[in-house]
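Novice: I'd like to ask you about the structure that follows.
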Amino acid sequence: MAFTTDVALLGAAGAGGGGSEPQTITDIAVGHPYGPNLSVYPFTSGVGFGVKYSNPATAPTGQSWGVAFTSTDIAVSHQSSPYVSVYPFTTGVGFGTKYANPSTLPTGTGYGVAFTSTDIAVAHASSPYVSVYPFTTGVGFGTKYANPSTLPPSTAYGVAFTSTYIALGLETSPYISAYPFTSGVGFGTKYANPSTLPSSQSWDIALTSTDIAVSLDSSPYVSVYPFTSGVGFGTKYANPATLPIGRGWGVAFTSTDIAVSHQSSPYVSVYPFTTGVGFGTKYANPSTLPIGAGLSVALTSTDIAVGHSSSPYVSVYPFTTGVGFGTKYANPATLPIDAGYAVNFRLV
């Protein structure tokens with residue numbers, strides 16, 4: 001599922017979306033089961049967690065599966081209707097009053113959510129499986145864009161998009177689909193499928209300006225493709241020499257590295273990644289591993305966060321490209337309530 005990285009190249013780029021990376025982390029959000037279904041903390045690179053923000057007055061309804069930031073707002077995709085909730089969010093202050101729901105709701109559980117500077121997309125459980133809306137900060141949702149002419153074939157667990165295209169991670173073959181997308185216009189004609197399809201269900205998706213990655217239910221647990229807007233998929237990159245271990249739940253890019261959170265120990269694997277070349281040698285594992293299955297991951301040029309299945313439910317580490325993991329930050333004083341199915345950084 002789109003636990004962490006359903007972020008656009010615009011908005012919260014770098015914490016999964018890749019591309020142009022703002023360097024300063026101001027906050028971190030963890031989506032989880034049970035009320036309030038979302039926990040947000042100030043976060044300072046090199047220092048760690050601050051005191052948890054107060055919960056939003058109107059909490060997301062049901063388990064939170066995805067979370068995305070812009071510089072002014074936070075969006076959560078969740079289990080129950082209205083399936084997506086968006087709030088103004090100010091660093092140092094916290095949540096504002098929830099925006100009104102879109103007039104046409106997503107159809108079914110919202111698994112992934114992503115922003116661009118002008119729009120918001122939700123990947124969800126029932127046809128048409130993806131819903132995209134204009135979104136204006138301070139105003140909220142506009143009228144839903146028309147569905148793509150070629151619908152995804154099944155539940156979309158992950159979504160990521162840029163100012164020129166949108167990509168989905170899917171439950172059934174072809175497991176990944178991409179479409180041109182123009183703000184104010186909507187979907188174009190679906191791109192041809194990659195010549196080598198992902199091996200299985202895609203749980204999460206992440207972009208850079210040149211590549212698309214999906215995390216997968218079965219080996220090799222992650223697949224990455226060159227992608228050119230207006231052209232489509234290139235030839236799949238070779239698998240990493242050391243594969244993730246177990247189902248790949250989450251995936252995140254920066255311009256130099258790629259991270260996969262996965263089912264079995266060490267629960268997170270990070271690799272150098274060079275566009276046009278592919279995976280480098282896996283970085284050494286962190287000295288303190290996440291506890292339980294790695295369900296979500298967010299990566300920036302300075303830090304990496306992993307949402308996981310056992311307490312403390314989120315682990316954050318300094319991360320330096322070419323070096324790897326630093327010493328794990330102290331846990332937040334107020335832990336998330338149960339498993340970290342979504343995690344994302346707010347970057348400015």
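Coordinate-derived values only; no laboratory data. As the structure is a prediction and not an experimental result, all values here were calculated from the model. Every residue, glycine as well, gets a Cβ built from its backbone with ideal geometry; the counts of neighbours run over all protein chains shown.
Novice: Using only Cα atoms, locate the centre of region 286-303 and the centre of region 195-273, then give the distance between them in Å, rounded to an integer.
Specialist: Region 286-303 and region 195-273 have Cα centres spaced 16 Å from each other.
Novice: In square nanometres, what is one fourth of the surface area of the convex hull spanned by the alpha carbons of region 207-255?
Specialist: Taking the Cα atoms of region 207-255, their convex hull projects to 3.6 nm² on average.
Novice: Here's another thing I want to ask about it. Provide, as a two-decimal number, the C-alpha radius of gyration of region 127-274 over 2.2 N^0.38 Å, N being how many residues it has.
Specialist: 1.05
Novice: Sticking with this one: In nm, what is the difference between 0.36 nm times the number of residues separating Ala330 and Ser310 and their Cα-Cα distance? All intermediate terms of the calculation are to be shown ahead of the outcome.
Specialist: Values: separation 20, 0.36 × 20 = 7.20 nm, distance 1.58 nm.
Taking Ala330 through Ser310 to full extension adds about 5.6 nm, to one decimal.
Novice: Restricted to Cα positions, what overall size does region 226-348 have along the principal axes? Three whole-Å values, descending.
Specialist: 47, 32, 25
Novice: With +1 on the Cβ of every Lys and Arg and -1 on the Cβ of every Asp and Glu, and nothing else charged, how large is the dipole of the chain about its Cα centre, in debye rounded to the nearest 20?
Specialist: With only Lys, Arg, Asp and Glu charged at Cβ, the dipole is about 100 debye.
Novice: State the volume of the convex hull built on the alpha-carbon positions of the chain, expressed per residue in Å³ and rounded to an integer. It would help to have the intermediate numbers written out before the result.
Specialist: Numbers: hull volume 35.9 nm³, N = 348.
Spelled out: Cα convex hull of the chain, divided by residues, is 103 Å³.
Novice: Compute for region 71-213: radius of gyration divided by Kirkwood radius, i.e. Rg/Rh, restricted to C-alpha atoms, rounded to two decimals.
Specialist: Details: Rg = 14.7 Å, Rh = 15.3 Å.
Taking Rg over the Kirkwood Rh, I get 0.96.
Novice: Tell me the net charge near His32. Cut-off is 13 Å between Cβ atoms, His32 excluded, with +1 for each Lys or Arg and -1 for each Asp or Glu.
Specialist: 0
Novice: What number of lysine-lysine pairs in the chain show an alpha-carbon separation below 21 angstrom, given a sequence spacing of 8 or more or placement on distinct chains? Don't skip to the answer; put the middle values down first.
Specialist: On the way: Lys52/Lys98; Lys52/Lys328; Lys98/Lys144; Lys144/Lys190; Lys190/Lys236; Lys236/Lys282; Lys282/Lys328.
The result is 7.
Novice: What list do you get for Ser80, Ser209, Ser223 if you sort them by fewest beta carbons within 10 Å? Display every interim value, and only then the final one.
Specialist: On the way: Ser80 13, Ser209 17, Ser223 24.
Exposure proxy ranking, most exposed first: Ser80, Ser209, Ser223.
Novice: Quick one: which residues, 5+ away or cross-chain, put their amide H under 5 Å from the amide H of Gly169? H built at 1.01 Å from N.
Specialist: So Gly169 has HN proximity to Tyr157, Gly158, Val159.
Novice: Could I ask something else about it? Under a Cβ-Cβ cut-off of 15 Å, what is the net charge of the residues other than Val316 that fall near it, where Lys and Arg count +1 and Asp and Glu count -1?
Specialist: Neighbourhood net charge equals +1.
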